[in-house]
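As structure tokens, the structure follows; a few thoughts come after it.
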Amino acid sequence: MAHSVRRDAPELPDFSLLKRLARDQLIYLLEQLPGRKDLFIEADLMSPLDRIANVTTLKQHDVDKLYKVEYKPIVSTSDQLCFLIRPRIKTVKWICDVVNADKAFGRFRRYKIIFSPQKFYACENLLEEQGIFGDVTTDEWSFYLLPLDDDIISLELPEFFRDNFLEGDQRWVRTAGSALHLLHSVYGPFSKVYGIGRCSKMAYESWREQVEEGEQRARQAEIGNVFLIDRDVDLVTPLCSQVVYEGLLDDIFRIKCGCVEFGPDVTSSDKSIKVMLNSQDKVFNEIRNEHFSQVFGFLSQKARNLQTAYDKRSGMDIKQMKTFVSEELKGLKQEHRLLSLHIGASESMMKKKTKQDFQELLKTEHSLLEGFEIRECISYIEEHINRQVSMVESMRLLCLLSLTENGLLPKDYRSLKAQFLQSYGIEHLLTFSNLKQLGLLVEQQPGETLTVMESRVGKLVNDKTAGKLTDAFSSLAKKSNFRALGRRLNLVPKSDEEYDLRVPRDMAYIFSGAYIPLSCKLIEQVLERDGWTGLEEVTRMLNGHEFAVTAGSNGSDARVKTDSQRIILVMFLGGCTFSEISALRFLGREKGLKFIVVTTAITNSARLLESMLDNHA
């Protein structure tokens, strides 16, 4: 469990303030509709809302009954209805139907729609078209950021990835800019902003516009540097199997809004329980970033320590026993409960992974990342498809093969696609089209690819023209360049050396020493070089859109200034995995930095690929 830790890492800012701001604004909006009211909440806002304002808080502010939005006629008898929703056409259409149904019955009620995090023109337009614009009042709950832990903040917008990178719908970019603006106004001013990716550049520009519109106040910065990165800059990392404890928990049990539900197989009882996973859970906090192979050893040692603490009771007199019961027993019991849950979860994960032949799967993934035995890997994927093992898992392996090999050979592409459609259904033709559009699963083109051509054109013409050409070409052909990037940035450590997972030497430990995540390696390199100088070849292979801006800082106290400089806020646009968060925590410990991860949502391979399916809506 040893890590080389620099002891001088700075303290993290207190993000509970973001929760208080969100709660106060929601209460203010609810009070705009005085008197008793029923509240209808959209399903995917329920978990985030629970972290901000629980049922008791809502009841204190005249909310009578709570309902989940279910797109069917309502049963509420209240004269005032409040709808807390995401700005989605489907939901607004349902509200229009509710209001029009009331009108048809001659029933008069007051209606208020609260859009979170913002309202869109299309929603208001629909209210007007349906003839109810004058019957409802609309408001915005600017709930941009939900702190999931001391160093993780989520926008809870899982649709961001599909909307932005597949559909080309940029409506959430402003939301990301507003989230950045909120962080800047509470914890800034930021002194340096780095970024890569088209969406990152737009979010940065949106944030700058908002900064220029607002008033500037000199204050002591708590966060010095910001790094923005698009998810499509690195699509390989989220497609790899996660093997750090927290990542594996997410892959198997699906962590939702910082909370996980453990079933009877974990709790050793007949009921499921929900557990909050954050740094308050002392047991979880010590194992969350560890490679899964190290977790059992730690948990058994912890169990022995706990038993020793319990055994202290035997030789105590009354006074000592009283002190023990009042001061230690409660903590020990809580630790005991958490320990048994994490042991149960680890056993459950071990059973599931052994059943799936996890080692064979990891070996195939590592071969793909290293570029060895590709024919054997293709045979393994074919077997996976033909045995109709999980559809998403088969798709993940196909995408990983395509990304690491810069596309599949035409005969392999046709053969694997035909087998996949025969195994899992012809409706996945649409899915293949989506994967191709995003560059996740493509066929190699004979002769020169557009990206090679484009890089030559880029050398011939000046940067501005090349930028426009790059946009045009990259939309026509997305090529992953994974091998070249791997060599340039040393992403795949040499496999002839034994990798000791007990004492990790670099960020590759999160993938058993096989691969350093590209996203985290880019962040490390840019921070080391204080910009993109020397990484021109890398950025060209990643389709550019990189930037590094010095935004200026007002701090006069040199020590505090350096403290804030060592706190780096990393914003992932399109989602981030727990493995990447673990890698950044490791990098922070090595360099004496603290990373705060802000993400549009926590993602993993299953969530990312499910968003590509066309039955997702």
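Summary of computed values
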| quantity | calculated |
| --- | --- |
| Accessible surface of Tyr71 - all protein chains present, 1.4 Å probe, nearest 10 Å² | 90 Å² |
| Accessible area per residue, Å², the chain with all protein chains present, probe 1.4 Å | 45 Å² |
| Whole-Å distance, taken between Cα centres, linking region 217-293 and region 66-103 | 34 Å |
| Value of D in µm² per second that Stokes-Einstein yields for region 336-388, Kirkwood Rh from Cα pairs, at 4 °C (1.567 mPa s) | 100 µm²/s |
| Measure of compaction for region 12-104 (Cα Rg per 2.2 N^0.38 Å) | 1.17 |
| Magnitude of the charge dipole, region 74-217, Cβ model with Lys/Arg +1 and Asp/Glu -1, debye to 20 | 220 debye |
| For region 234-273: span of alpha carbons on each principal axis (Å, largest first) | 41, 19, 12 |
| Estimated 222 nm signal from helices in the chain, with DSSP H stretches of n ≥ 4 weighted -39500 (n - 2.57), rounded to 500 | -15500 deg cm²/dmol |
| Region 215-257 - Kirkwood radius from inverse mean 1/r over Cα pairs (Å) | 14.2 Å |
| Average projection area in nm² (convex hull over Cα atoms of region 201-318, one quarter of hull surface) | 14.8 nm² |
| Gain in span if fully extended, Gln359 to Leu17, counting 0.36 nm per residue against the direct Cα distance | 118.7 nm |
| Net lengthening on full extension, Val55/Phe372 (0.36 nm per residue, minus Cα-Cα) | 108.6 nm |
| Anisotropy class of the chain from Cα gyration tensor, a/c 1.5 cut | rounded |
| Accessible surface of region 328-387 [probe 1.4 Å, protein heavy atoms]: carbon and sulfur percent | 52 percent |
| Accessible heavy-atom area order of Arg20, Arg208, highest first, probe of 1.4 Å | Arg20, Arg208 |
| Computed magnitude of the charge dipole of the chain (debye, nearest 20; Cβ of K, R +1, Cβ of D, E -1) | 780 debye |
| Carbon and sulfur %, accessible surface of region 220-269 computed with the full protein complex present, 1.4 Å | 45 percent |
| DSSP beta bridge pairing in region 50-186, given as percent antiparallel to the nearest 5 | 20 percent |
| Accessible area of region 141-185 belonging to carbon and sulfur atoms, whole % at 1.4 Å probe | 44 percent |
| All-pairs alpha carbon distance profile, region 130-236, 10 Å steps from 0, percent | 12, 40, 32, 12, 4, 0 |
| Order by protection proxy (mean Cβ within 10 Å, highest first), peptides 258-269, 174-185 | 174-185, 258-269 |
| Calculated log₁₀ intensity ratio I(q)/I(0) where the Debye formula runs over C-alpha points of region 43-161, q = 0.10, 0.13 Å⁻¹ | -0.33, -0.56 |
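The values are calculated or read from the model by the stated rules, or taken from the named source; none is laboratory data. Computed from a predicted model, the values in this text were never measured in an experiment. Backbone-built Cβ (ideal geometry, glycine too); neighbour counts: all protein chains shown. Areas reflect the complete protein model, heavy atoms only, side chains present, ligands, DNA and RNA absent. Shrake-Rupley method; radii C 1.70, N 1.55, O 1.52, S 1.80 Å.
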